[in-house]
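Notes follow once the structure below has been shown.
The values are calculated or read from the model by the stated rules, or taken from the named source; none is laboratory data. Only a predicted model underlies this, so the values are computations on that prediction, with no experimental measurement involved. Here the Cβ is made from the backbone with ideal geometry for all residues, glycine too, and neighbour counts use every protein chain on show. Ligands, DNA and RNA are excluded from the accessible area calculation, which covers all protein heavy atoms including side chains. Shrake-Rupley method; radii C 1.70, N 1.55, O 1.52, S 1.80 Å.
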Amino acid sequence: MADVNPLLRIENLRVHFPLTGWRVAARRGPVVHAVDGVSLTVARGESVGLIGESGSGKSTLSRAVMGVYRPTSGRVLFDGIDVHRAKGSAERQIRRRMQMVFQNPYASVNRRYTVTQIIQEPMKVQKLGDAAERERRTRELLDLVGLSSRLAYRYPHELSGGQLQRVAIARALSTRPDFLIADEPTAALDVSVRAQVMNLLVDLKQELNFSLLFISHDLATVSYIADRVAVLYLGRLVEVASIDDLERDPRHPYTEALLAAVPRPDPDAARLYRAPGGEIPSAVNPPSGCHYHPRCPLAEERCRQEYPPISVLSGNRRLACHVRAGDRPAPRLGAGAGDEPPVPYIDPSN
Ligand SMILES: Nc1ncnc2c1ncn2[C@@H]1O[C@H](COP(=O)(O)OP(=O)(O)OP(=O)(O)O)[C@@H](O)[C@H]1O
Ligand SMILES: [Mg+2]
């Protein structure tokens, strides 16, 4: 059913970057269509996975949601407040309630700060508590993320990648956020500690019940933590479904291709899906029609001509595919059929 009051609502968001070095008439010069008309909601306490290949726009989308990038068009509502227009105490509240964990912990913390200083930084910026309270909260957070208080005065270079990512998670949780974005939080870690950090996130999510937008290029990792998954291809969502529906019955050929990339012990299951050929095209000059058509085994003429509008299949499922949308009973468009309205396609060159 439609979630009338989601914690996060992304509405037809576009983030285009003019190519640097292009001086003359920059507005009409070549642009990177990093995010190109994305609508998505995250309910309270829900965990949504965002997957797509490198360059599909995942980080750009998350930075726009955090308010770091200004959207070219569209908007992001956090608890009903426009993230990019909020001022004063509304803006401070949003900064406190939304936090982020990045891919590379060494790059995302100040190397000259101790663990304590790193964890306390957001609390200081937000003016939360006095020095004693911040100290107490730091111990509590270290305990929460499974780190010994003996590490409290160490520097980043004295910690392992896994330990430092735990510190980054503690920092993100220090302001008691109700929404967390994790942008490939295990991608830079040794394989041996990835599972530990994933387990930690799953446990914290259960204990603290924050909403989560979990970004990865790997469906297997996302399936570990997400209730629902949004699949991004060249700046556009091609499919949104519950993790169960997606794994049992992927509808978009690109989702199938991502599933093919998940190693499977059963060779018959592995043969079910075709792996994608070629590479993701440039976001400066996206292919005509459906952006996936040059790599799609099912592509037809109309896929080369027009972009398929994202339509609601049933319940919470959404799909942007000319060929597969017709496989099912006629898509139910509009009110009550899903949690987000279908987004009409607007040619980005307009
Ligand atoms: N600040 C920027 N200026 C210009 N182009 C950018 C900028 N940030 C990202 N891009 C471009 O936007 C597109 C999307 O990049 P983004 O980093 O969001 O992808 P991603 O899905 O996070 O990839 P990865 O999996 O490699 O992290 C890419 O073509 C990238 O080159
Ligand atoms: Mg990224």
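Long-range amide H contacts for Y233: which residues qualify at under 5 Å (H placed 1.01 Å from N, peptide plane, sequence gap of 5 or more or a different chain)?
V238
Roughly how many whole Å is it from the C-alpha centroid of region 134-170 to that of region 278-318?
Going from one Cα centre to the other spans 44 Å.
First check a/c for region 27-92, with a ≥ b ≥ c the square roots of the eigenvalues of its C-alpha gyration tensor; if it is under 1.5, answer rounded, and if not, answer prolate when a/b is larger than b/c or oblate otherwise.
oblate
Can you classify region 51-155 as rounded, prolate or oblate using the Cα gyration tensor, where a ≥ b ≥ c are the square roots of its eigenvalues, rounded means a/c under 1.5, and otherwise it's prolate if a/b beats b/c and oblate if not?
It is oblate, given that a/c is not under 1.5 and a/b is not larger than b/c.
Would you pull out the residues with amide H under 5 Å of E306's amide H, same chain only if 5 or more places away, H placed 1.01 Å from N?
For E306, the qualifying residues are C290.
Set the Förster radius R0 to 25 Å, insert the Cβ-Cβ distance between V193 and R111 as r into 1/(1 + (r/R0)^6), and round the FRET efficiency to 0.05.
E(calc), rounded to 0.05, equals 0.80.
Run down the aspartates and glutamates and flag those whose C-alpha is under 19 Å from the C-alpha of K127, throwing out any fewer than 8 positions away in its chain.
Counting by Cα, and skipping residues close in sequence, K127 has these aspartates and glutamates nearby: E91, E135, E140, D178.
From the phi angles alone, apply the Karplus equation (6.51, -1.76, 1.60; θ = phi - 60°) to region 145-157 and give each ³J(HN,Hα) in whole Hz, x where the residue is Gly or Pro.
Whole-Hz 3J(HN,Hα) from phi for region 145-157: 8, x, 10, 6, 5, 5, 7, 4, 10, 7, 9, x, 5.
Measure off, as a whole percent, the carbon and sulfur share of the 1.4 Å-probe accessible area of the chain, all protein chains present.
50 percent
Pull out a ≥ b ≥ c, the square roots of the eigenvalues of the alpha-carbon gyration tensor of the chain, then state rounded if a/c is under 1.5, prolate if not and a/b is larger than b/c, and oblate in the remaining case.
In terms of gyration-tensor shape, prolate.
When the helix-only estimate is applied to the chain (DSSP H runs of n ≥ 4, each -39,500 (n - 2.57), divided by the residue count), what is the mean residue ellipticity at 222 nm, nearest 500 deg cm²/dmol?
Rounded to the nearest 500, the figure is -9000 deg cm²/dmol.
Could you give the accessible area per residue of the chain, probe 1.4 Å, as a whole number in Å²?
I get 47 Å² per residue for this part.
Put a dot 7 Å past each Cα toward the Cβ at E135 and V68; how far apart are the dots in nm?
The two pseudo-label positions are separated by 3.3 nm.
Show the residues, 5+ positions off or on another chain, whose built amide H is closer than 5 Å to the amide H of M100.
Amide H neighbours of M100, under 5 Å, 5+ apart: I181.
Fully extended, how many nm does the chain gain between D203 and Q126 (0.36 nm per residue separation, minus their Cα-Cα distance)?
25.1 nm
How high is the relative contact order of the chain, given as a whole-number percent (alpha carbon pairs under 8 Å, six or more residues apart)?
For the chain, the relative contact order is 20 percent.
Find how much the distance from E247 to A43 grows on full extension, using 0.36 nm per residue of separation minus their present alpha carbon separation; answer in nm with one decimal.
Length gained, E247 through A43: 71.3 nm.
May I ask you to list the lysines whose Cα is less than 24 Å away from that of K58, ignoring any residue fewer than eight positions away on the same chain?
K205
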